[in-house]
């Protein structure tokens, strides 16, 4: 369960006065530390505006409290693979996406960039998505 978080760094810039064709969002987890049932993650959230129009970068820390067994699984998985267990990753990515997407609106507004709207909840699936039947 996410118990808190901070945004420690914000950088936004507009590189050119062009139309924005779209945005790409990248969330990176740089560090995971576990102490008992407490999990602390350092992350970077990057929005790139297509065609080199601009960027938004935010970094911060997220805190969570998990059952000791789950905390150990998170620690072991991250140390071995530099990835988080899927169920925990969904919670973390959605929390970062919501926090940075919402706060990013206030940062990029003076630059007249499109807000990084909070997309739907991220879900990590184990099997490839099946195409839906044509209407």
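Out of curiosity, is residue 71 in contact (Cβ under 8 Å) with a residue 12 or more places away in the chain and either part of a strand (DSSP E or B) or within 26 Å of residue 115 (Cα to Cα) (or both)?
Values: in contact (Cβ under 8 Å) with a residue 12 or more places away in the chain: yes; either part of a strand (DSSP E or B) or within 26 Å of residue 115 (Cα to Cα) (or both): no.
Here the answer is no, as residue 71 does not meet what is asked.
Given the criterion over 13 Å from the mean Cα position of the chain (by Cα) and surrounded by 16 or more Cβ atoms within 10 Å (Cβ to Cβ), identify the matching residue among 67, 17, 73. Steps first, answer last, please.
Working: 67 fails: surrounded by 16 or more Cβ atoms within 10 Å (Cβ to Cβ); 17 fails: surrounded by 16 or more Cβ atoms within 10 Å (Cβ to Cβ).
Within the list 67, 17, 73, the selection yields 73.
No lab work stands behind these numbers, since they all come straight from the coordinates. Quick caveat: nothing in here was measured; it's all calculated off a predicted structure. Cβ coordinates were reconstructed from backbone atoms using ideal geometry, including for glycine residues, and neighbour counts include every protein chain displayed.
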